Amino acid sequence: MALSNAEKVEGWYAEGCLSPERILEGLDRKIKERYHEQQSTLEKILRSTSTDECDGEDTLTKSTFVSLLQTKGSLPESAAGSEAGYVIYASIAYLSKIPFPPTPEQCSSVPVSLTATQLSRGLVWLLPGYYERMTEASNWCRTRTPADHRRMIFQSLATAYRDQAHDSVKARELAPHNAYDVSESSREFAGPNHDDDGDEMYHDVLDVLYATQPETPLPLAPPKRDDFRPVAKRLVQDRFRFSTLAIPRQRFVALARILLALQFEPNNGEPVTELSSFDGAVDSLVAAFCEDAQADVITWPMFDHTLKNTAPYLFAPLYRLLSNIFFGRAGPETLDASSAPTSSSSILTLPLQSQLASFLTGSIYFGDFRRVHHYIGPGRPSTATLAEAMGDILESAVLVLSGTAPTGSEYIFGVFSPSPDKDVSAIQEVPEDTEGRERCLIFQLSPVQDVFRGAVERPGWALGEDGLRFGQDGGVGLFLLSSLQEAMISHRVAAPGGSAGTYKANLWRGSWDLTLEVSEIELWGEFLSTAGRTLIVRFIYNRINILSGKTLCEGHLCCFD
């Protein structure tokens, strides 16, 4: 009599086929089968740099890893660059142990070296375009989601626990939306990854158990994902809960500084050295990841919200750096970096342009991004002149202003419009084939970075006798008085059933108002060259994959008007 699936799984467990060691071996076989070329490249690098072996494999020490990022990549050769390099190394070391990650206490002891197998395993979990294929997606197993990828990054940086008491109800409420936030083609295989049996880390074990199970000979059907639940519970036992994890703020600052500095290709191939100039931009960016200004840790809900909505391209430089060095090429979901704008600017300095790139890389080719107007001092034009100048820009336009609040605090706000001539009367929908390209939005760069996206078909802005108004009917509003000397910003979180307005507010920040004495105003435009159009074409494919988790072939090109 044939064994049931449950009996078959129990038999495998009793034989040791489902031990953590055997499961990781199964993952390694998958990597070698699916990414043979990348694995070969990685092994060659380790053969040329390794000074030791472990179990017959060449190893890469922590210091050599950082040195490779600096000599073969663009990681700055400075104390700050090395600090970020060590964070990246520790992150990959953590991911190499998925789905049996170390506790925050264990993370304090980072391995001194990694074998080619461990390094490859960590890289494949980290890099877009690879992690999706580490598990299976079918009627019998859930598909991995972009949120799973963000969570992996979060876990790999989380070496602390959050201060608040664990709230199992709230933690479980956060999971369902992310579990089904996938592309239309993958939705039929989407499924929950937090239930009565366990949280997201328990479901990671389930996903991998199903994907690495011993082969079942045809015509018999293999066990389904749910058949492995009893074994997954035994493997997880009473391990720490995912929702208790947190990233130390200063640890994230060290990494974020480098991620911002590498948003653009370094001039003449020379790495960025003046990292101190990024301190203000880093503070604003990191503040977006924290629940409040005094928070010394970053929790998952804030990390997930900010990486998804406020800085979706923040980690693109890391993907590019690691793919090129260790796999010998950019991955299919690795963004090319554009050159930084060459125009001098009082407001949009290079660090603030890097902040813009963290959410507009998929929308603007910064190499062709130019300042067209700069208003400062008492002789400023009218808001009608400003509105006309914005409408005259044929490609994407960015309006940015700096100002001082009555408290003396300095703020920077702005507006991005990909189609100024059309967005003014009705914010345009993003074409389906350019997913990741932003529609009209209001943004904030200082003292906290934020993005407030516009509602399609609502007027982007309106000119009145008293000034120029962006946004109406609640949500976020930016009102420039006719003299261009004063601005008023309102941020209204919609009540249940209420209007979200033209520009959607950030629920995490509550409702508030702000009046600014405007110091300067700049108007920037995108004037695409042939090189810019070619790179934007590539961005269309790359940003689709970065944000949606799809896997596309490398090197395909398309055109758009």
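Filter region 462-479 down to the residues that are farther than 16 Å from Gly498 by Cα and either open to solvent by 20 Å² or more (accessible area, probe 1.4 Å) or free of Cβ contacts under 8 Å to residues at least 24 places away in the same chain (or both) and list them by number.
Ala462, Leu463, Gly464, Glu465, Asp466, Arg469, Phe479 - these are the residues of region 462-479 that are farther than 16 Å from Gly498 by Cα and either open to solvent by 20 Å² or more (accessible area, probe 1.4 Å) or free of Cβ contacts under 8 Å to residues at least 24 places away in the same chain (or both).
Among all residue pairs at least 6 apart or on different chains, which show Cβ distances below 7 Å where the first residue, located in region 206-224, is more than 21 Å from Gln237 (Cα to Cα) and the second is assigned to a loop (DSSP other than H, G, I, E, B) and of a type in the set (S, T, N, Q)?
Partner pairs satisfying both residue conditions: Pro222/Gln213; Pro222/Thr216; Pro223/Gln213.
Given the criterion farther than 21 Å from Gln355 by Cβ, hydroxyl-bearing (Ser, Thr, Tyr), open to solvent by 30 Å² or more (accessible area, probe 1.4 Å) and assigned to a loop (DSSP other than H, G, I, E, B), identify the matching residue among Ser490, Ser499.
Working: Ser490 fails: assigned to a loop (DSSP other than H, G, I, E, B).
None of the others qualify; the one that does is Ser499.
Considering only region 411-428, state which residues are within 25 Å of Arg370 (Cβ to Cβ) and either assigned to a loop (DSSP other than H, G, I, E, B) or open to solvent by 50 Å² or more (accessible area, probe 1.4 Å) (or both). Before the answer, list the steps.
Taking region 411-428 and keeping what is within 25 Å of Arg370 (Cβ to Cβ), we get 411-424, 427-428.
Pro418, Ser419, Asp421, Lys422, Val424, Ile427, Gln428, listed by residue number.
Please note which helices (runs of 4 or more DSSP H) are completely contained in region 91-167 and include at least 1 residues that are of a type in the set (S, T, N, Q) and under 20 Å from Ser40 (Cβ atoms).
On the way: elements: 104-107, 116-126, 146-157.
So the answer is 116-126.
For the subset of region 46-61 comprising residues that are of a type in the set (Ser, Thr, Tyr) and loosely packed, with under 13 Cβ neighbours inside 10 Å, which member is modelled with the lowest pLDDT? Don't jump to the end; show me each part of the working.
Taking region 46-61 as the starting set, the residues that turn out to be of a type in the set (Ser, Thr, Tyr) are 48-51, 59, 61.
Among the residues that remain, those that are also loosely packed, with under 13 Cβ neighbours inside 10 Å are: 48, 51.
Numbers: Ser48: 86, Thr51: 68.
Ranking the candidates gives Thr51 first.
Just to be sure, is Leu262 farther than 28 Å from Tyr130 by Cα, of a type outside the set (Lys, Arg) and in contact with a Lys or Arg (Cβ under 9 Å, 6 or more places away or on another chain)?
no
Out of curiosity, is Arg241 under 17 Å from the mean Cα position of the chain (by Cα) and open to solvent by 20 Å² or more (accessible area, probe 1.4 Å)? It would help to see each step written out before you state the result.
Numbers: under 17 Å from the mean Cα position of the chain (by Cα): no; open to solvent by 20 Å² or more (accessible area, probe 1.4 Å): yes.
No, not satisfied.
Looking at Ala190, Ala261, Ala246, which one is more than 19 Å from the chain's Cα centre (by Cα) and aliphatic (A, V, I, L, M)? Reasoning before the result, please.
On the way: Ala261 fails: more than 19 Å from the chain's Cα centre (by Cα); Ala246 fails: more than 19 Å from the chain's Cα centre (by Cα).
Answer to the selection: Ala190.
Sort out which residues of region 362-405 are of a type in the set (D, E, K, R) and not in a strand (DSSP E or B), and write them in order of number.
Let us first name the residues in region 362-405 that are of a type in the set (D, E, K, R), namely 368, 370-371, 380, 388, 392, 395.
Asp368, Arg380, Glu388, Asp392, Glu395, listed by residue number.
List the number of the failed condition for Tyr94; all other conditions in (1) open to solvent by 30 Å² or more (accessible area, probe 1.4 Å); (2) in contact with a Gly (Cβ under 8 Å, 6 or more places away or on another chain) hold.
Every listed condition holds for Tyr94 apart from (1).
Considering only region 502-549, state which residues are at pLDDT 90 or above and open to solvent by 40 Å² or more (accessible area, probe 1.4 Å).
Lys504, Leu507, Trp508, Arg509, Ser511, Trp512, Asp513, Thr515, Glu517, Ser519, listed by residue number.
Report, by residue number, each residue of region 59-83 that is among the β-branched types (Val, Ile, Thr) and under 19 Å from Tyr94 (Cβ atoms).
Thr59, Thr61, Thr64, Val66
For (1) in contact with a helix residue (DSSP H, G or I) (Cβ under 7 Å, 6 or more places away or on another chain); (2) touching a residue at least 24 places away in the same chain (Cβ under 8 Å); (3) open to solvent by less than 10 Å² (accessible area, probe 1.4 Å); (4) in a helix (DSSP H, G or I), each residue gets a yes or a no:
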| residue | (1), (2), (3), (4) |
| --- | --- |
| Leu27 | yes, yes, yes, yes |
| Glu33 | no, no, no, yes |
| Lys44 | no, no, no, yes |
| Ser63 | no, no, no, yes |
| Ser67 | no, no, no, yes |
| Gly73 | yes, yes, no, no |
| Glu77 | yes, yes, no, no |
| Ala80 | yes, yes, no, yes |
| Ala84 | yes, yes, yes, yes |
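A quick yes/no check of all residues on (1) open to solvent by 10 Å² or more (accessible area, probe 1.4 Å); (2) at pLDDT 95 or above:
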{"position": "Asp283", "(1), (2)": "yes, yes"}
{"position": "Glu291", "(1), (2)": "yes, no"}
{"position": "Trp300", "(1), (2)": "yes, no"}
{"position": "Leu307", "(1), (2)": "yes, yes"}
{"position": "Phe315", "(1), (2)": "no, yes"}
{"position": "Leu321", "(1), (2)": "yes, no"}
{"position": "Asp336", "(1), (2)": "yes, no"}
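Could you please let me know if Glu10 is closer than 20 Å to Thr216 by Cα, without any contact (Cβ under 8 Å) to a residue 24 or more places away in the chain, open to solvent by 50 Å² or more (accessible area, probe 1.4 Å) and in a helix (DSSP H, G or I)? Give the derivation first.
Numbers: closer than 20 Å to Thr216 by Cα: yes; without any contact (Cβ under 8 Å) to a residue 24 or more places away in the chain: no; open to solvent by 50 Å² or more (accessible area, probe 1.4 Å): yes; in a helix (DSSP H, G or I): yes.
Against the criterion (closer than 20 Å to Thr216 by Cα, without any contact (Cβ under 8 Å) to a residue 24 or more places away in the chain, open to solvent by 50 Å² or more (accessible area, probe 1.4 Å) and in a helix (DSSP H, G or I)), Glu10 does not qualify.
Working carefully through the options Ser382, Ser396, Ser363, find the one that is open to solvent by less than 60 Å² (accessible area, probe 1.4 Å), polar (S, T, N, Q) and farther than 27 Å from Ala505 by Cα. Explain how you work it out, then say what you get.
Working: Ser396 fails: farther than 27 Å from Ala505 by Cα; Ser363 fails: farther than 27 Å from Ala505 by Cα.
On inspection, the qualifying residue turns out to be Ser382.
More than 26 Å from Pro146 (Cβ to Cβ), at pLDDT 90 or above and touching a helix residue (DSSP H, G or I) at 6+ places or on another chain (Cβ under 9 Å): which single residue out of Pro406, Pro341, Pro351 fits that description?
Values: Pro406 fails: touching a helix residue (DSSP H, G or I) at 6+ places or on another chain (Cβ under 9 Å); Pro341 fails: at pLDDT 90 or above.
Going through Pro406, Pro341, Pro351 in turn, the sole match is Pro351.
Inspect region 245-258 for any residue being at pLDDT 85 or above, of a type in the set (S, T, N, Q) and surrounded by fewer than 19 Cβ atoms within 10 Å (Cβ to Cβ) and give the result as yes or no. Step through it out loud before you land on a result.
Of region 245-258, the ones at pLDDT 85 or above are 245-258.
Now restrict to residues that are of a type in the set (S, T, N, Q): 250.
If we keep only those that are surrounded by fewer than 19 Cβ atoms within 10 Å (Cβ to Cβ) too, we end up with 250.
The answer is yes; a qualifying residue exists.
The values are calculated or read from the model by the stated rules, or taken from the named source; none is laboratory data. Predicted model only: the values in this text are computed from it and were never measured. Cβ coordinates were reconstructed from backbone atoms using ideal geometry, including for glycine residues, and neighbour counts include every protein chain displayed. Side chains included, ligands, DNA and RNA excluded: accessible areas come from the protein's heavy atoms. Shrake-Rupley method; radii C 1.70, N 1.55, O 1.52, S 1.80 Å.
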